[in-house]
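The values are calculated or read from the model by the stated rules, or taken from the named source; none is laboratory data. In this text the structure is predicted, and so the values were computed from the model without any measurement. Heads up, the Cβs are rebuilt from the backbone with ideal geometry, glycines too, and the neighbour counts pull from every protein chain shown.
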Amino acid sequence: MIEFQVLISFSVAVFFLAISPGPDNIFVAFQSLRFGFKSGLFVIMGLMSGCLVHTILGAFGAAVFLARFPFLLIVIKILGAVYLLYLAYSLYKQGAPKTLSAIEVVYKKSTDLYKQGFVMSVLNPKVGLFFIAFFPGFLFIPSAPFWIQFLALGGVFIMISTFVFSSIALGSSILLNTATKSQATFFKVLHWLQIILFLGIAIFLFLP
């Protein structure tokens with residue numbers, strides 16, 4: 001028997017988690033501000049693909065594996081931080097666009113945007129650890145195997161997060177299209193904020 005009240009409680013909790021300011025939704029907002037709604041969607045696809053990986057690993061015992069080999073968690077954190085530092089440096093070298101038309105010149109391929117989101121998510125072990133700590137409190141079919149419920153909760157998490165993040169991307173892209181005055185200043189500020197974001201997430205990975 002499905003306990004719908006548990007599933008509804010989980011969905012509400014995920015919704016508020018998704019709209020709360022965090023590295024992922026801020027990254028989506030910045031990318032959408034810089035490159036537009038379509039670019040934000042590719043970033044979201046990458047982030048959610050990473051969440052799917054964490055869901056599958058969590059469902060099939062990643063917590064037990066990491067507990068047995070704790071050094072792997074440190075390795076993953078280091079790889080994630082190095083990648084984010086690389087993104088910050090690349091953005092610094094690229095420079096800020098001065099106008100909306102200049103964005104077309106530096107527009108990234110959809111595969112690059114997807115890869116950024118995916119790697120950011122997969123190399124952030126806090127996502128997987130959060131799933132492992134959060135999901136077991138919302139098991140909604142007492143008679144069903146744990147891994148099936150874990151995968152189902154992961155699917156709900158991904159669907160709700162995709163909806164919320166897409167709304168953030170749309171709102172950010174609308175702001176981009178209205179930024180007609182002082183474009184050079186607008187994009188310069190946005191450029192440095194995104195660099196700071198990458199550096200901040202890199203530091204965030206090492207916080208307890």
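Among the residues of segment 1-28, those that are of a type outside the set (A, V, I, L, M) and under 14 Å from A152 (Cβ atoms) comprise E3, F4, F10, S11. For I160, are the conditions met, namely being modelled with pLDDT of 95 or more and part of a helix (DSSP H, G or I)? Yes; evaluated as a whole, the condition is true for this residue.
Filtered by the rule that a residue be within 14 Å of the chain's Cα centre (by Cα) and within 16 Å of K109 (Cα to Cα), segment 26-38 gives V28, Q31, S32. Selection of segment 8-24 for residues being among the hydrophobic types (A, V, I, L, M, F, W, C) and surrounded by fewer than 16 Cβ atoms within 10 Å (Cβ to Cβ) yields I8, V12, A13, F15, F16, I19.
Residues checked against (1) under 20 Å from A133 (Cβ atoms); (2) under 11 Å from the mean Cα position of the chain (by Cα); (3) not in a helix (DSSP H, G or I):
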position: L7; (1), (2), (3): yes, no, no
position: S11; (1), (2), (3): yes, no, no
position: D24; (1), (2), (3): yes, yes, no
position: V43; (1), (2), (3): no, yes, no
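Candidates S166, S143, S172: the one that is polar (S, T, N, Q), modelled with pLDDT of 70 or more and not in a helix (DSSP H, G or I) is S143.
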